[in-house]
Amino acid sequence: MDGSVDGTALATQVCPKEQQMVTHRFERKTFDREALETVLRRRFFIAPAFEIYGGVAGLYDYGPPGCAMKSHLIQFWREHFVIEEGMLEIDGPTLTPDPVLRTSGHVDRFQDYMVRDVKTGACYRADHLLRDSLESRIEALERHPSADPEGTQRAAMETCLQQIEEMSVEDLTSAYERFDIRTPETNEPLTAPYPFNLMFQTQIGPTGAIPAYLRPETAQGIFVNFRRLLDYNNGRMPFACAQIGLSFRNEISPRAGILRVREFAQAEIEHFVHPERKQHPKFERVKDMELILLPRAQQIQAASREDMRPVRMRADEAVRQRIIDNETLAYFIARTQIFAQMIGILADHMRFRQHLASEMAHYAQDCWDLEVETSYGWVECVGLADRACYDLKAHTAASNIELVAYDKFDEPQDETFLQITPIKRAIGTRFKGDAPKLLAALEQLEEADKTRIQHLLGEHGECQLGDFTITKEMVTFEQVRRKIHGCNYYPSVIEPSFGIGRLLYCVLEHAFYSRSGGDEARTVLALRPAMAPVKCVILPLSKNEVFEPVLRAVQDALAAHRLVVRVDDSNASIGKRYARADEVGTPFGITVDFDSLADQTVTLRERDTMEQLRGPIQLVVRGIVDIISGCRSWAELGASDSGLKSFIGQQNTALVEDRRIVESTS
């Protein structure tokens, strides 16, 4: 057995006592964000990119531990979704031609609203600045209630805060004027809010003739490959395809560390399903699961954002009451909740918030966000949406390539349809070289369009079809009956979209705490063992080379299970070396002492309980592997017949003289 992780086991590897202990560590109002950020910078989890040149806002480097955690998170995501759900996976380019993103709507609508300082030109995202300003004023009123004795100012600001997510540019402009929002640094006036497109534009080729963008999401690469994916899947529906990769957004004012950046890792799933059959074959496995939901009704009824309280509801009940639109969407919400807890998000500090009707695109059926509570507030980490048939229909219309699936009937069905037959001579005489375009347009007409054209030609003798004016002499109509064995349809798309960096940061906040130790508080990252960048630190009592054979044996045993380990043979005390390992989330420490030289046993120390067990090297390594893979918890390891015993103290004192070990009873 190696160090790989079974996702289902990992989700439940924390025993109830340990889970309760972890849950009470994170408190938003008292969380020491500065201490965490100091650790992350000092131990090089993350750091501003190009820092020696002053850095660039919104760009970060992941150092060795951050890179390892990010890789683990992506690995677990792939195992939990792609492998367990039998999904397909692709990897497409980040450069995307203009027509693709124009068709998807990103060129025209992928934007935030911005305001500028009229004197300095400094830019701010309009909704963020409005929220920050109002929250700051509300805090000031709490300190000085006499400034608003009737509470009318606070009530107006709280109402505005509830509406920010759904504000149009006109609403934002009105709010800026009403509350006289100014620059936070200089109190200077601001411009009115205006749209700013968030995509990075570029050109492909030396002549710059092909306009393109760095992709703002990975989803479009899946949509444009739908025909190939369906063919690869032997035409079977439903199916899902995933893509993991970098996306880019030219954020107006990046802030909050890696929560809002200009280049980020994204993992997206497009689950294609018949629009009238959105049941999921594995829904039975999650139907009894309690989902942590914040439906629209709870949001609308709440007096303020802070008063919004999620409800816990079984997945099948949420679907039955149509709180969640369909089984497939509910299934992915449940699987996402399992995944979030699996990587270390605390259940008491997460929720799935349903989009208000005003937030959703016109084509969307239902949308939910996994939001995680952090010291910055509630942060959107995953979006789950039923996008209906919009994407495939839009790309079909723009590319003239049918992105459809075929639904074969159990029994042939009789169908009556309106057949439109073009009179090619009349069309050719009238439109000459453009006649093929009109013929193609007539061929692609839907049944409703044919009926509409027949009605208009019957009443007026002519009608408009795109750029063409056709007359009743150019076409004939006939009702035709035929037997059909199936039909083409545009699949609906259920889309879970994960922000890897945001999830990673939330895991770090939820794992971070301080505990007393000696003369000072010691910081700890209580990461799930499988998420830890280093699984085990090996600590010899000293640098004396007499310990080398045992150190090599321990390293080789751990390496055989592909576990990342570090040896800390510095001159610091064992306690300080443990503290250094705890700070970066290393879950286990193995101490090699003089008894190890005599009997090949070592001491295993667990980070969170600080308890120690002792036993032979192979049994210690087996215990570490079992905990990381989710087979056993630390409590179970100590209680089971594992061959490991509670460590009381060293039984022998070893004196090293000229590489000889002389043992004496302690």
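The values are calculated or read from the model by the stated rules, or taken from the named source; none is laboratory data. Note that the coordinates shown come from a computational prediction; the quantities given were computed from them, not determined experimentally. Counting neighbours? That spans all protein chains shown, and the Cβs are built from the backbone with ideal geometry, glycine included.
For the subset of region 412-429 comprising residues that are of a type in the set (D, E, K, R) and either in a helix (DSSP H, G or I) or in contact with a helix residue (DSSP H, G or I) (Cβ under 9 Å, 6 or more places away or on another chain) (or both), which member is surrounded by the most Cβ atoms within 10 Å (Cβ to Cβ)?
Our first condition is that a residue be of a type in the set (D, E, K, R); within region 412-429, this holds for 414-415, 424-425.
In the following step, the residues that additionally are either in a helix (DSSP H, G or I) or in contact with a helix residue (DSSP H, G or I) (Cβ under 9 Å, 6 or more places away or on another chain) (or both) were identified as 424-425.
Numbers: Lys424: 12, Arg425: 10.
Among those that are of a type in the set (D, E, K, R) and either in a helix (DSSP H, G or I) or in contact with a helix residue (DSSP H, G or I) (Cβ under 9 Å, 6 or more places away or on another chain) (or both), it is Lys424.
Going by what's in this entry, would Arg102 be described as basic (Lys, Arg), under 30 Å from Ile401 (Cβ atoms), outside the structural domain of Glu306 (by TED's automatic domain parsing) and under 32 Å from the mean Cα position of the chain (by Cα)?
Yes; evaluated as a whole, the condition is true for this residue.
When you scan region 201-218, do you find a residue that is within 21 Å of His106 (Cβ to Cβ), within 25 Å of the chain's Cα centre (by Cα) and of a type in the set (Gly, Ala, Ser), even just one?
No, because not a single residue in region 201-218 is within 21 Å of His106 (Cβ to Cβ), within 25 Å of the chain's Cα centre (by Cα) and of a type in the set (Gly, Ala, Ser).
Being of a type in the set (S, T, N, Q), closer than 27 Å to Thr152 by Cα and touching a Phe, Trp or Tyr at 6+ places or on another chain (Cβ under 8 Å) is the filter here, so list the residues in region 101-140 that pass it.
Of everything in region 101-140, just one residue is of a type in the set (S, T, N, Q), closer than 27 Å to Thr152 by Cα and touching a Phe, Trp or Tyr at 6+ places or on another chain (Cβ under 8 Å), namely Ser133.
I'm told Tyr53 meets every condition in (1) loosely packed, with under 15 Cβ neighbours inside 10 Å; (2) under 25 Å from Ser253 (Cβ atoms); (3) touching a residue at least 40 places away in the same chain (Cβ under 8 Å) except one. Can you identify the failing condition by its number?
(3)
Of all the strands (runs of 3 or more DSSP E) wholly in region 457-518, which have at least 3 residues that are within 29 Å of Phe26 (Cβ to Cβ) and out of contact with any Cys (no Cβ under 9 Å at 6 or more places or on another chain)? Break it down stepwise before answering.
Values: elements: 462-465, 468-471, 475-489, 492-499, 512-517.
The qualifying strands (runs of 3 or more DSSP E) are 512-517.
Considering only residues of region 355-377 that are among the aromatic types (Phe, Trp, Tyr) and in contact (Cβ under 8 Å) with a residue 40 or more places away in the chain, which is nearest to Arg502 (Cα to Cα)?
Tyr376
Suppose the filter is part of a loop (DSSP other than H, G, I, E, B), hydrophobic (A, V, I, L, M, F, W, C) and either within 30 Å of Arg260 (Cβ to Cβ) or free of Cβ contacts under 8 Å to residues at least 12 places away in the same chain (or both); does Ala572 pass it?
Judged against the criteria, Ala572 is a match.
Might you check whether a residue that is of a type outside the set (Phe, Trp, Tyr), at pLDDT below 95 and more than 30 Å from Leu101 (Cα to Cα) occurs anywhere in region 385-400?
No, region 385-400 contains no residue that is of a type outside the set (Phe, Trp, Tyr), at pLDDT below 95 and more than 30 Å from Leu101 (Cα to Cα).
Go over the candidates Val656, Val565 one by one and state the one that is of a type outside the set (S, T, N, Q) and modelled with pLDDT of 95 or more. Quick ask: steps written out before the conclusion?
Details: Val656 fails: modelled with pLDDT of 95 or more.
That would be Val565, the only listed residue that is of a type outside the set (S, T, N, Q) and modelled with pLDDT of 95 or more.
Kindly indicate which of Asp180, Asp132, Asp148 is touching a helix residue (DSSP H, G or I) at 6+ places or on another chain (Cβ under 7 Å) and more than 30 Å from Leu403 (Cα to Cα).
After ruling out the rest, the residue left standing is Asp148.
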